[in-house]
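Here's the structure we're looking at; comments come further down.
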Amino acid sequence: MIPLTYAVTLADWTPNQDMLRMMLLSLEQQTCKEFDVILADHHYDARKDVVGELSQKHSLSIKHTPIYPAPHVAKNYIDCSVFNVGWVMSEAERCVRYSEWRFLHPTVTETILNEPADSFLDFDFHNLDEKLGFWDRNSGSIDWDKVTPSPNPLVEFDEVPLNCYANNTISRQKWVEVNGFNEVNYNFFHWEDIDYSARCRHAGYAGKRIPNKMYRIDHPYGGEANRANRPCERPFKRVCASCEDLFKYVRFHILPTHKQWGDFWKAKGAKVVTKKGTEKEWVVCEKCNFVMPYVDTEDIAEYVTRETHYTKSPINVSGSGRNLEPLVKDMKGLSWSSKIDLYKQSYTNKKYL
Ligand SMILES: [Zn+2]
């Protein structure tokens, strides 16, 4: 069995695919080759030929898949379910989220595999300005002499820090136990990373923060859905006209805080949903099924850490949020095309809700 999957999501499109080339060269140069790659792509059709070429060139096992969003749940700006694609479809004992605009030190794979699979390994958010000149966009290579190292030391922790930003790794079993990344709450702002860290903390996971193994290149976010810089091939369901108006209203006119957003939707007729066993509530638009957490505080860190029994991300809040455990079980051993088919129907199959 392959011990590790790099779970990559791609939203941006860069000239000559130079970012993809850099990321894959980073993988080819790993001192330990015991991994495969799942590349979940918002521009699958346009990129599939070059991904095939680069797989061969870099001798990588890359499983390329389109990103399919939920057909019945409206989103605005971002769909955080994309971060679950690689973890759900992998067969490996553990996964690491490897987001775009990042590159890796050649020893990161061996570092990961030398640690126990149930250890939560974070890679220290280290953001670099491309102007330092470390990235040759033609060859994809990194000049390590020009990479400013992180000054942070390696730290062991018994409590997962909240500022892990989700490019980390743990066994897929442990990931399933907290039900992956939150597919319900963060369809209009990010913070699925802090939510995930909080639930891993509540679940009692321990591990290490290891600097200078994964680096991030500073970049602008695209203005299209999913932060992409050109329209996604399979866009998520758009919010209805009245939700769209509310977004414009709250963003550009009175700029209320997140705490107030739920009240706006509620006042305009969104229903309030309470799930059993949680103190949390959501507002759900009756027209487009857009779901928003009914946040009662300005402090998202406080919101996600308040209930220490909050370990699993929400499942089936008006049809949003899958139960990933049975889905992961059913994926096991399927052909790649069957996995893609199962993934596509998983949002509406009652077995996973
Ligand atoms: Zn709506």
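Read-outs throughout are calculated quantities, based only on the coordinates presented, and are distinct from any laboratory measurement. Just so you know, these numbers come straight off a predicted model, no measurement behind them. With ideal geometry, Cβ positions are generated from the backbone for all residues, glycine too; neighbour counts draw on all protein chains shown.
Per-structure values
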read-out: Part-to-part distance (alpha-carbon centres) for the range 32-64 and the range 296-314, which is given in Å; value: 36
read-out: Lys, Arg +1 and Asp, Glu -1 on Cβ, resulting dipole of the chain about Cα centre, debye, nearest 20; value: 1140
read-out: Antiparallel bridge percentage (DSSP; both residues within the chain; nearest 5); value: 50
read-out: Cα coordinate range in the range 238-305, projected on the principal axes (Å, largest first); value: 33, 24, 20
read-out: GluC sites (Glu not before Pro) restricted to the range 1-66 and DSSP loop, no more than 14 other C-beta within 10 Å; value: GLU34
read-out: The range 238-305: relative contact order in percent, alpha carbon pairs under 8 Å with at least 6 residues between; value: 30
read-out: Highest average packing first - 151-159, 305-313, 203-211, Cβ atoms within 10 Å; value: 203-211, 305-313, 151-159
read-out: log10 of Debye I(q)/I(0), alpha-carbon scatterers only, for the chain at 0.08, 0.11, 0.14 Å⁻¹; value: -0.38, -0.74, -1.23
read-out: Percentage relative contact order, the chain, counting C-alpha pairs under 8 Å, at least six apart; value: 22
read-out: Exposure proxy ranking, count of Cβ atoms within 10 Å, fewest first, for SER59, SER90; value: SER59, SER90
